[in-house]
1. What 222 nm value per residue comes from the helices of the chain, counting each DSSP H run with n ≥ 4 as -39,500 (n - 2.57) and dividing by all residues, nearest 500 deg cm²/dmol?
2. Looking only at Gly75, Gly146, Gly165, which one moves most when the chain is put into a Gaussian network model with springs between Cα atoms under 10 Å?
3. So what is the relative contact order for the range 72-186, in percent, with contacts set as C-alpha pairs under 8 Å and at least six apart?
4. Per 10 Å bin, what is the whole-percent P(r) computed from every C-alpha pair distance within the range 115-186?
5. Just to be sure I understand, if you calculate Rg and Dmax of the Cα atoms in Å for this structure, which of (i) 17.5, 60; (ii) 27.5, 78; (iii) 27.1, 96 do you get?
6. Top to bottom by accessible area (1.4 Å), largest first, where do Ser77, Ser181, Ser65 land?
7. Quick one: with all protein chains in place, what share of the accessible area of the chain is carbon or sulfur, to the nearest percent (1.4 Å probe)?
8. Identify which of Asp115, Asp87, Asp15 has the largest mean-square fluctuation in a Gaussian network model of the chain, with springs joining Cα atoms closer than 10 Å.
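The values are calculated or read from the model by the stated rules, or taken from the named source; none is laboratory data. In this text, all values refer to a predicted model and were calculated from it rather than measured experimentally. Only protein heavy atoms, including side chains, enter the accessible area calculation; ligands, DNA and RNA are left aside. Shrake-Rupley method; radii C 1.70, N 1.55, O 1.52, S 1.80 Å.
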Amino acid sequence: MPELPEVEVVRKSLDKKIKQKKVKKVIIRNRNLRYKIPLNFESFLKNQKIIKVERFSKYLILHISNKTYCLLHLGMSGTVHLVSNNDKTLITNTSFYSNPILPKKHNHVEIIFEDLKLIYNDPRRFGFFQIIDNDFELKKRFAHLGPEPFSKKFNIRYILSLFKGKKKNIKNFLLYQYFVSGIGNI
């Protein structure tokens, strides 16, 4: 499963490559991911500009020019690949594993820009895309998650307040996403 550091590497790669680019076309090859991709997903993204790519916990947040958001979660086996339209042999896996080979199976979503396309590949289909309509809905989406490990909110006072009176081993606390978000088994 991609952990927080890998998702951050993917975020940085995407922000560098697709920020301020306009979506020309979206191709859905399989809507049946963890959550079914909405029927309006193609029209939602088409002709919109990706303003920036952020991350919270293990979620990628695409800020869209119409002041909406597209969430992407990689699930257990999802990867994002960038393919240059000018040089079809130039394929970039945006994770730090950097496998230059684009798998032929399980390419579920393609987001096409003028000079490149983003391909979402996920053999297990535990990842998902979600449309978020506004800032309020985005905050609500993450309300069940605790602060990230490097957040200023994740400090000694916060930790002690949640540990007080609890009898739970430290590993379970660290994996509990309400306590601290983004930490996984690895």
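1. It comes out at -6000 deg cm²/dmol, rounded to the nearest 500.
2. Comparing Gly75, Gly146, Gly165 in the GNM, the peak value goes to Gly165.
3. It comes to 23 percent, rounded to a whole number.
4. Bin by bin from 0 Å, the calculated values are 15, 34, 31, 16, 3, 1.
5. (i)
6. If we order Ser77, Ser181, Ser65 from most to least accessible, we get Ser65, Ser77, Ser181.
7. 55
8. Asp87
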